[in-house]
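Report on the structure given below.
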Amino acid sequence: MANLAKYFIIGGILTLLEWVIFYVLVYIIGLHYIASSFIAFILISALGIFVYKKMIFGDSKFSFKAEVLAIYLINSIGIVLNTLILWILVDKFSAEVMISKIIASFIVAFYGFFARKICVYK
């Protein structure tokens, strides 16, 4: 349970950073919300790999190379889920883009924690 709390504190900080990147890309630069979401997710996922390993999960069940590949697979599923949820909320339900990004982020955060905990880390 302590790992879940740490995951959401650190993840919260990373998520806020992701939202700032997303906001800048969508509302200031004018990039499409799907492209913006993808870019922000990839940047923060790369940072998250190292932060989560160091501060939350510790040792992996795999070699470092296999661990990184497993996390990228988990993150790839995460970006698909994130994008799908975002698209459904914005295009199908006419929800506001930033609110939709926040909702998608929370849903994918739970998936990310449990996928890492069950599939990658001891």
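The values are calculated or read from the model by the stated rules, or taken from the named source; none is laboratory data. No experiment lies behind these values; they were computed from the predicted model shown. Glycine also receives a Cβ, built like all others from the backbone with ideal geometry; neighbour counts cover every protein chain displayed.
Could you list, in sequence order, the residues of region 84-122 that are at pLDDT below 95, loosely packed, with under 15 Cβ neighbours inside 10 Å and not in a helix (DSSP H, G or I)?
Matches in region 84-122: Lys122 only.
Take Phe22 and tell me if it is farther than 13 Å from Phe113 by Cα, touching a residue at least 12 places away in the same chain (Cβ under 8 Å) and among the hydrophobic types (A, V, I, L, M, F, W, C). Before the answer, list the steps.
Values: farther than 13 Å from Phe113 by Cα: yes; touching a residue at least 12 places away in the same chain (Cβ under 8 Å): yes; among the hydrophobic types (A, V, I, L, M, F, W, C): yes.
Criteria met by Phe22.
Just need a number here: residues in region 73-83 that are surrounded by 13 or more Cβ atoms within 10 Å (Cβ to Cβ) and either without any contact (Cβ under 8 Å) to a residue 24 or more places away in the chain or not in a helix (DSSP H, G or I) (or both). Don't jump to the end; show me each part of the working.
First, pick out the residues of region 73-83 that are surrounded by 13 or more Cβ atoms within 10 Å (Cβ to Cβ): 73-75, 77-79, 81-83.
Checking which are either without any contact (Cβ under 8 Å) to a residue 24 or more places away in the chain or not in a helix (DSSP H, G or I) (or both) leaves us with 73.
Of the residues in that region, 1 qualify.
Leu4 versus (1) within 19 Å of Ile107 (Cβ to Cβ); (2) touching a Lys or Arg at 6+ places or on another chain (Cβ under 6 Å); (3) surrounded by fewer than 16 Cβ atoms within 10 Å (Cβ to Cβ): which is the lone unmet condition?
Unmet condition: (2).
Report the residue count in region 55-71 for those that are surrounded by 15 or more Cβ atoms within 10 Å (Cβ to Cβ) and either free of Cβ contacts under 8 Å to residues at least 60 places away in the same chain or of a type in the set (Gly, Ala, Ser) (or both). Step through it out loud before you land on a result.
Residues of region 55-71 that are surrounded by 15 or more Cβ atoms within 10 Å (Cβ to Cβ), as a first pass: 56-57, 60, 62, 67-68, 70-71.
Those left that are additionally either free of Cβ contacts under 8 Å to residues at least 60 places away in the same chain or of a type in the set (Gly, Ala, Ser) (or both): 56, 60, 62, 67-68, 70-71.
Within region 55-71, residues that are surrounded by 15 or more Cβ atoms within 10 Å (Cβ to Cβ) and either free of Cβ contacts under 8 Å to residues at least 60 places away in the same chain or of a type in the set (Gly, Ala, Ser) (or both) number 7.
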